[in-house]
Amino acid sequence: MDARPAPAPPVCSSTASAPHLPVFAAVLAILSWASAYPVVKMALHVLPPIPLAAARYALAAIIVLVWCVYTRPMLPRMRDLPRFIVCGAVGIALYNILFNVGEQTVSAGAAGLLISFSPLIAAIIAVVAMGERLSVWGWVGSLVSFCGVVLVAQGQPGGLTFGSGAADVLAAAFAAAVYNSVQKKLVVVYGALTTTAYVLMVGAVLLTPWLGQAVQDLRAGPVSGWGLVAQLAVFPAILGYGAWAYVVGRIGVARSSGLLYLLSPTTLLLAFLITAEIPSLLTLVGGAIIIAGVGLMNTRGRVRQR
């Protein structure tokens, strides 16, 4: 099975003919993901954190399974199964458990700002595990951004102490950074959509133990709960992850992670439009510092190969 030649990277074949596609995919991913923050906040009034994740990704898995049956994509090779499992476990199951638990006490806008620390975590992972390095400005940007994280966290219940909502969201940011780093090789071989489909199904399987409780709570709750779960399954899960996998495959982890700092201002805007959430001055100041640090890292301190 592994002896056959790998197909040409499906996400890199039309770079010259469609240079605008990565930009469109990045915008789609950011808008889809930004919508998740206020919608998760609303859905947590209907479902507990882990059953919410289970219901969301069970529906997403059903949709992508139908797509797989119809399109018959390349099956995972045995040597790639551990990478798929890690992506599903860390990028879907663990990330959503941590994020949902954290958003019980952290505002949607603040959660978006804390998650924006993920690109810097991804850069540090690249330094430690991928033989890359940051310039002095890269490390300065990291320090500046972390100061912003502390400010945002101080405006949330429990601050940045162990077990607080802010600490949970930061742990989710770490999980997202690991996921973005690990998935790149899969996207090169299988393509963005196929990679996303398999990763979503792995994550859904790992969350299955909480699916029964999710169905019971949805049946007992308002009809709007089903709509919120469907929105989270289709937009942030399928469209968001699929579009972002395409972006990572086309422009790489280091460059694509820099685009994620656009997620936080988009989240603040959507949180205001959807739930009328108004961030505190401390949150805005801390968020501006986080974005400035990430921006500095991506403009003056780019990750460079050894």
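The values are calculated or read from the model by the stated rules, or taken from the named source; none is laboratory data. This structure is a prediction, so every number in the text was calculated from the model and none was measured. A quick note on method: Cβ atoms are made from the backbone with ideal geometry, for glycine too, and the neighbour counts reach across all protein chains shown.
Observations on the model:
- Count of the range 48-57 residues which are hydrophobic (A, V, I, L, M, F, W, C) and either surrounded by fewer than 23 Cβ atoms within 10 Å (Cβ to Cβ) or at pLDDT below 95 (or both): 1
- Any hit, the range 67-81, residues being within 25 Å of LEU113 (Cα to Cα) and part of a helix (DSSP H, G or I): no
- Residue selected from the range 231-254 under the condition under 13 Å from the mean Cα position of the chain (by Cα) and among the aromatic types (Phe, Trp, Tyr), by the criterion nearest to ALA122 (Cα to Cα): TRP244
- Residue in the range 73-82 that is surrounded by 22 or more Cβ atoms within 10 Å (Cβ to Cβ) and out of contact with any Leu (no Cβ under 7 Å at 6 or more places or on another chain) present: no
- Hey, TYR70 surrounded by 21 or more Cβ atoms within 10 Å (Cβ to Cβ) and either of a type in the set (Ser, Thr, Tyr) or more than 16 Å from the chain's Cα centre (by Cα) (or both) or not: no
- Number of the exception - CYS87 against (1) under 16 Å from the mean Cα position of the chain (by Cα); (2) modelled with pLDDT under 90: (2)
- Looking across the range 167-195, the residues that are of a type in the set (Phe, Trp, Tyr) and either surrounded by 22 or more Cβ atoms within 10 Å (Cβ to Cβ) or within 21 Å of PRO73 (Cβ to Cβ) (or both) come down to TYR179, TYR190.
- Among the criteria (1) assigned to a helix (DSSP H, G or I); (2) touching a helix residue (DSSP H, G or I) at 6+ places or on another chain (Cβ under 8 Å); (3) surrounded by fewer than 23 Cβ atoms within 10 Å (Cβ to Cβ), the one GLY212 does not fulfil is (2).
- Taking the criterion of being assigned to a helix (DSSP H, G or I) and either at pLDDT 95 or above or surrounded by fewer than 23 Cβ atoms within 10 Å (Cβ to Cβ) (or both), the residues of the range 1-29 that qualify are LEU21, PRO22, VAL23, PHE24, ALA26, VAL27, LEU28.
- Of the residues LEU259, LEU228, the single one that is under 19 Å from the mean Cα position of the chain (by Cα) and at pLDDT below 90 is LEU259.
- Number of the condition not met by LEU268 [criteria: (1) more than 21 Å from the chain's Cα centre (by Cα); (2) modelled with pLDDT of 85 or more]: (1)
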